[in-house]
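Bear in mind that the values in this text are calculations on the coordinates, not laboratory data. Note that the structure is a prediction, hence the values are computed from the model and not measured. Please note: Cβ atoms are built from the backbone with ideal geometry, for glycine as well, and neighbour counts cover all protein chains shown.
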Amino acid sequence: MDALKTPLTQGMNRRTVLKASAWSVPVVAVATMAPAAAATNGFDLRLLGFAGETLAKFNDDKTRYVEQSYTTGTALATVGTAAAPAGTVVTVSFDNRLIGAVTLHVEDVEVNAATTSPSGTTTTQTFVLTQAVPVAVDELSGLRVRFGPQFVDDWDALPFYEDIAPYTVSVSPASGADPDTSNNGWSAAAVYGDAFDGAVSATWGETVIDVEGNPTVARHPETATLVSRGPGAIPAGARLYFGLPEDGVTAFSVSSVTVDGDAVTDLFGALQPELYGGYHVETTREVAAGSTVVLTLSTTFAASATTYPGTPSVSLTTGPGETDTTNNNVSPA
């Protein structure tokens, strides 16, 4: 097998998510280590504006999933008034069962790895920059740094591991100590969970409205049912969308919610309008495997509309651990 076969931009899982700047993934700041007696430099290195991708995959029987994030770009600068001289060290560590190497480009010029050190399932590479690091003039200014994780195979073809090593990027000065190491790096640990499946169905009502003098049937959801099919629970943050005509609807509400026949009031947050018609609600807690959630809906139409109503829908969006998304959207036949 070619150890440098697949760059990050290939072999993407369909659930790939692109994130930039303020990444909403489990990340921690990386503090680079310096000798206790080292003199503090007159500059503070800073990495900011992380961009990257999050990949997800299931184990063979689709009972577990893993989500792993990789940064592919950032801005390197100093905070304050002093630039950093040439010699800044960039360090990247990764799980070598998934990634054979990481390439580094600074201002579109490739930088060769100075060292490559495998240790168990983790490999650490260091790169030494030949240019000075400029002073930041805003949050995203500085040297453009791009990372290219080279996967050992297509993402979907890689084995499922329960112990993926964190993917970490950090910078350190050529000598001396950085006065603030809290902004020197980024690290993401793999996130694991039980796979789940949510299935949506609905019943539909009909209201006759006038469109340009023509009596027209406008269909709308009367109930929406969400079944948590397991094996894991549907996580909090799942959204149910209700697609409605943009023109003619004067009010829409969720009249009641039951879970396994029992009325509840805390499963969903407030009903939120969509930009181009319709609404959504979001779960505030898990929906246990085997549970059935039923929402009773109320739609009010104006007596007339200027455009013919489209086809309504009810749909579900969750996260990377859902095993089957073909049952996430329904419309009347």
Check: Can you work out D for the stretch 198-322 in µm² s⁻¹ from Stokes-Einstein, where Rh is the Kirkwood radius over C-alpha pairs, the temperature is 25 °C and the viscosity is 0.890 mPa s?
Finding: 162 µm²/s
Notebook entry, point to check: Based on the Cβ-Cβ distance from T115 to R144, what FRET efficiency comes out when R0 is 22 Å, to the nearest 0.05?
Noted result: 0.40
Item checked: Amide proton proximity set for A289, modelled H, under 5 Å, gap of 5+ -> A233, I234
Check: From the phi of every residue in the stretch 271-286, what ³J(HN,Hα) in whole Hz does the Karplus formula 6.51 cos²θ - 1.76 cosθ + 1.60 yield, where θ is phi - 60° and glycine or proline is x?
Finding: 5, 10, x, 8, 4, 10, x, x, 8, 8, 10, 10, 5, 9, 8, 5
Checklist line | Value of D in µm² per second that Stokes-Einstein yields for the chain, Kirkwood Rh from Cα pairs, at 4 °C (1.567 mPa s) | finding: 56 µm²/s
Checklist line | Exposure proxy order (Cβ contacts within 10 Å, fewest to most) of F301, F43 | finding: F301, F43
Check: Say the dipole of the stretch 198-330 comes from +1 at the beta carbon of Lys and Arg and -1 at that of Asp and Glu; which of G319, T265, V254 then lies farthest toward its positive end?
Finding: G319
Next item on the list: Starting from the Cα gyration tensor of the stretch 59-151, take the square roots of the eigenvalues, sort them a ≥ b ≥ c, and report rounded, prolate or oblate (rounded when a/c is under 1.5, otherwise prolate if a/b is larger than b/c, else oblate).
Entry: prolate
Notebook entry, point to check: Once the other residues with Cβ under 11 Å from the Cβ of R97 are scored (Lys, Arg +1; Asp, Glu -1), what is the net sum?
Noted result: -3
Notebook entry, point to check: Arranged by the count of other C-beta atoms within 10 angstrom, fewest first, what order do E206, E67 take?
Noted result: E206, E67
Checklist line | Cβ charges +1 (Lys, Arg) and -1 (Asp, Glu), total dipole of the stretch 198-330, debye | finding: 200 debye
Next item on the list: Would you mind calculating the gained length between A132 and V211 on full extension (0.36 nm times residue separation, minus the Cα-Cα distance), in nm to one decimal?
Entry: 21.7 nm
Note to self: Sorting check: for 251-257, 164-170, 287-293, 225-231, which peptide has the highest mean count of neighbouring beta carbons within 10 Å, and how do the rest follow?
What the structure shows: 164-170, 225-231, 287-293, 251-257
Next item on the list: Excluding I234 itself, calculate the net charge of residues whose Cβ lies under 13 Å from the Cβ of I234, where each Lys or Arg counts +1 and each Asp or Glu counts -1.
Entry: -3
Notebook entry, point to check: Quick one: S187, S201, fewest Cβ neighbours within 10 Å first, how do they rank?
Noted result: S201, S187
Checklist line | Separation in nanometres of the label points that stand 7 Å from Cα toward Cβ, at T81 and D60 | finding: 6.4 nm
Notebook entry, point to check: Alpha carbon centre of the stretch 95-154 versus the stretch 159-210: separation in Å?
Noted result: 20 Å
Notebook entry, point to check: What's the extension gain from T296 to A270 if we count 0.36 nm per residue and subtract their Cα-Cα distance?
Noted result: 7.9 nm
Item checked: A189 paired with S201, simple spin-label distance in nm, labels 7 Å along Cα-to-beta-carbon -> 4.1 nm
Check: For the stretch 214-222, what does the Karplus curve 6.51 cos²θ - 1.76 cosθ + 1.60, with θ = phi - 60°, yield as ³J(HN,Hα) per residue in whole Hz, taken in order and with x for Gly and Pro?
Finding: 10, x, 10, 7, 9, 8, 7, x, 9
Note to self: Give me the tail of P(r) for the stretch 135-241 as a percent: Cα-Cα pairs with distance above 20 Å.
What the structure shows: 72 percent
